[in-house]
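The values are calculated or read from the model by the stated rules, or taken from the named source; none is laboratory data. Note that this is a predicted model, so its numbers are computed, not measured. Neighbour counts run over all protein chains shown; Cβ positions are idealised from the backbone, glycine included. Side chains are part of the model used for accessible areas, which takes the heavy atoms of the whole protein and leaves out ligands, DNA and RNA. Shrake-Rupley method; radii C 1.70, N 1.55, O 1.52, S 1.80 Å.
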There are 2 protein chains.
Amino acid sequence: MNGVEQTELSQLDTICEKAEQIFEGALQEFLVHGYAGTSMDRVATSAGVSKATIYNHFGDKEGLFIALVKRLAQKKYQIFVESHKAELMQAEPAIALRKLANTILDHSMQDQEYLAFIRLVIGESGRFPELAKTFVHNLGKPGIQVLTEYLTNQRYIMIRDPEATARVIIGTLAHYVLLQEILQGKEIVPMERDRMINTLVDLISPNLTSAS
Amino acid sequence: MNGVEQTELSQLDTICEKAEQIFEGALQEFLVHGYAGTSMDRVATSAGVSKATIYNHFGDKEGLFIALVKRLAQKKYQIFVESHKAELMQAEPAIALRKLANTILDHSMQDQEYLAFIRLVIGESGRFPELAKTFVHNLGKPGIQVLTEYLTNQRYIMIRDPEATARVIIGTLAHYVLLQEILQGKEIVPMERDRMINTLVDLISPNLTSAS
DNA sequence: GTCTATAATCGGATAGAC
DNA sequence: GTCTATCCGATTATAGAC
């Protein structure tokens, strides 16, 4: 590389580095305090930059919030959907579903950042409908599609309406996470995770589950 | 009644009337703007009382918010659960479940106040865990219990794990409302409501649904 | 592009009259 | 118990130096 390119790159690095710092700070604050509960002062402090720098990069508070949520929705999309795609597609439903359900629950129930993200998106979905739609587009839709494809192509059992069935599965798991973890219902309405998964598998592929 | 009682009653009425006004104003504001996004000034204006009156009744902003959410959770409990209890308990699952699902979806998907309430409780569940628990106790738990009882006592089909099965049903319906209405996914991931209900009924009681 | 300092406003909460 | 008027800290956003 020559000197000019290095200069340009380091400038670019500096820009991105600041933006990255701001994202990190904003992440902490918005996930914990929500949109209205977060102050730009604390974001600046948490990010280690001045407020003016944030306003230069993102225009205003709303711009920062939107950029952050969209970014998170993409990041979670990669982690969540992409990592599950390979898991399906081969085994019979009783095996594949059990594995899928376990992986989804493993990842989401322990990932406090993810749980806080869900709280944030749902909580702000009335005031930021576009963000909610981005979330559905990046996480809800691909999840349903991948599972629908599996249920459609798999050759072990006949499924009348694969997409609606995929929604039963995902809905059951999502509601389980919502009730137990997000709404803190673990002690009030306890339910072992394996009972949910067994029941789900039994319902979807009753022929294949023996006397378990 | 004598004069004294009348005086006491009218005083009581005045107190309760003010409290009721405050609740109404707070309802509008908190449901639309969330906890941090709501100002006591606007609550006072919306309620038609002065701020000092609110502070006299509820101590501080948090006290008002907690009282309001608990009150709403009880009100929704009465409307929701009590009205559905009678609906089950008699018919065979294919009929009873279809009717239950339709009533739940009818009521929740058009009730903007209820949808906003869900957004609020989930959005604040990280900062107000006790309110989330109250919500689960008053709405989630009774819903699961009523359906579990029905699935347990009904004599038409054998259900291995009624409580887990109840959660599949409720989870599917709740997730449907969440994705389509609360997260505004109607256009992104459209799904006819009857397909969901048919699929659910098919899964729960396959023997009883004919060639529908 | 980034900082410090500041403007302009709004927030929760209260004192004191009635 | 309720109101009006007010305190004062916190908030979003920007101006101006570097």
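Computed quantities for the displayed model
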read-out: Identity of the residue in the range A:58-98, in contact (Cβ under 8 Å) with a residue 60 or more places away in the chain, away from DNA strand D (no atom under 16 Å from the Cβ) and open to solvent by 40 Å² or more (accessible area, probe 1.4 Å), that ends up farthest from the chain's Cα centre (by Cα); value: A:Glu92
read-out: Selection count, the range A:41-56, where residues are within 10 Å of DNA strand C (Cβ to nearest atom) and surrounded by 17 or more Cβ atoms within 10 Å (Cβ to Cβ); value: 4
read-out: B:Glu62 being within 10 Å of DNA strand C (Cβ to nearest atom), closer than 22 Å to B:Gln112 by Cα and at pLDDT 95 or above; value: no
read-out: The lone exception for A:Phe128 - which of (1) within 22 Å of the chain's Cα centre (by Cα); (2) open to solvent by 40 Å² or more (accessible area, probe 1.4 Å); (3) within 16 Å of DNA strand D (Cβ to nearest atom) it fails; value: (2)
read-out: For B:Ser205: the one exception among (1) farther than 18 Å from A:Val177 by Cβ; (2) open to solvent by less than 10 Å² (accessible area, probe 1.4 Å); (3) facing chain A (nearest Cβ under 7 Å); value: (3)
read-out: Failed criterion for A:Ile54 (all others in (1) assigned by TED's automatic domain parsing to the domain that holds A:Arg167; (2) within 16 Å of DNA strand D (Cβ to nearest atom) hold); value: (1)
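The rows are residues; the columns are (1) at the interface with chain B (Cβ under 8 Å from one of its Cβ atoms); (2) within 25 Å of B:Asp194 (Cα to Cα).
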site: A:Glu87; (1), (2): no, no
site: A:Ala91; (1), (2): no, no
site: A:Gly140; (1), (2): yes, yes
site: A:Gln145; (1), (2): no, yes
site: A:Thr152; (1), (2): no, yes
